[in-house]
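Notes for the one structure printed next.
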């Protein structure tokens, strides 16, 4: 199979947007890629992140356990939008996707309050399916040290407004499109925070939910009852011909078992040098999902 050409994806989400418009207008589903036509395999793609690679390995192991042929493409794709485009244009059969990230790349991808499944169903072109998501999210979380949480009784973002302490807001994911601004948090919770960019010394840390720091440091994630941060659950984006009942049942086994904390631990293992295949195999066995 000819290797995917990355240069034509340089426009990222904009290119995906145009592609999905054309696909939707044409009214037809995506075509199978050449490899799948020849071998009948489900071709899974990942971007370069440890998170994408471990989720793809979990998908692959579950499908293999269900008796399906699987091949994983582990290089060349640079972002979730990039792999999503590859699913749409038939280069991949399946890829990990994330709700808000995908919707930003879709034409008119506005979220229906409380109904992400319906939003995705209407936004995706014919022939492309968003299977139910896992409990795990890679979305933004706001965290404080456990010592601070204990001292000030902090469990939710609303609790921040109950203290007189002046706090800063910042961290590794502070520049993410889904990261809440001090103004948004002020409006939702009445809390005043001062932005300090990507500083790891911020009082309220802005992190991805799968950041290894959450597993390795004494941090407490504050819940977001007003849903200021949009959902970012991981789910399988798949071409319809590959989403038969056997595949759906196999992939659905992951949904309740894979939590954000579990995924963060798996990501930390991969970033420490373990192989995604080995980490996925061991985790699935430990949770009774594979023999």
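The values are calculated or read from the model by the stated rules, or taken from the named source; none is laboratory data. These numbers come from a predicted model, not from an experiment. Here Cβ is always computed from backbone atoms with ideal geometry, including for glycine, and neighbour counts include all displayed protein chains.
Observations
- Which listed residue is part of a strand (DSSP E or B), out of contact with any helix residue (DSSP H, G or I) (no Cβ under 8 Å at 6 or more places or on another chain) and in contact (Cβ under 8 Å) with a residue 40 or more places away in the chain, from 234, 229, 221, 206: 206
- Residue within the stretch 189-201 that is in contact (Cβ under 8 Å) with a residue 40 or more places away in the chain and either touching a helix residue (DSSP H, G or I) at 6+ places or on another chain (Cβ under 9 Å) or within 14 Å of residue 142 (Cβ to Cβ) (or both) present: no
- Residue check for residue 148: farther than 19 Å from residue 49 by Cβ, surrounded by 18 or more Cβ atoms within 10 Å (Cβ to Cβ) and out of contact with any strand residue (DSSP E or B) (no Cβ under 7 Å at 6 or more places or on another chain): yes
- Lone qualifier among 165, 135 - being touching a residue at least 24 places away in the same chain (Cβ under 8 Å), surrounded by fewer than 20 Cβ atoms within 10 Å (Cβ to Cβ) and closer than 25 Å to residue 99 by Cβ: 135
- Total residues in the stretch 64-82 satisfying the condition of being in contact (Cβ under 8 Å) with a residue 60 or more places away in the chain, within 13 Å of residue 95 (Cα to Cα) and touching a strand residue (DSSP E or B) at 6+ places or on another chain (Cβ under 7 Å): the figure is 2.
- Yes/no for residue 77 being assigned to a loop (DSSP other than H, G, I, E, B), at pLDDT 50 or above, in the same structural domain as residue 127 (by TED's automatic domain parsing) and within 30 Å of residue 177 (Cβ to Cβ): yes
- Some residue of the stretch 267-284 being without any contact (Cβ under 8 Å) to a residue 40 or more places away in the chain, more than 18 Å from the chain's Cα centre (by Cα) and over 30 Å from residue 67 (Cα atoms): yes
- Any hit, the stretch 144-153, residues being assigned to a loop (DSSP other than H, G, I, E, B) and at pLDDT below 90: no
- Test: residue 177 is under 21 Å from residue 267 (Cβ atoms), assigned by TED's automatic domain parsing to the domain that holds residue 237 and touching a residue at least 60 places away in the same chain (Cβ under 8 Å): no
- Residue match in the stretch 185-199 (condition: touching a strand residue (DSSP E or B) at 6+ places or on another chain (Cβ under 7 Å) and crowded, with 20+ Cβ neighbours inside 10 Å): yes
- Scanning the stretch 38-52 for residues that are out of contact with any strand residue (DSSP E or B) (no Cβ under 7 Å at 6 or more places or on another chain) and surrounded by fewer than 24 Cβ atoms within 10 Å (Cβ to Cβ) yields 38, 39, 40, 47, 48, 49, 50.
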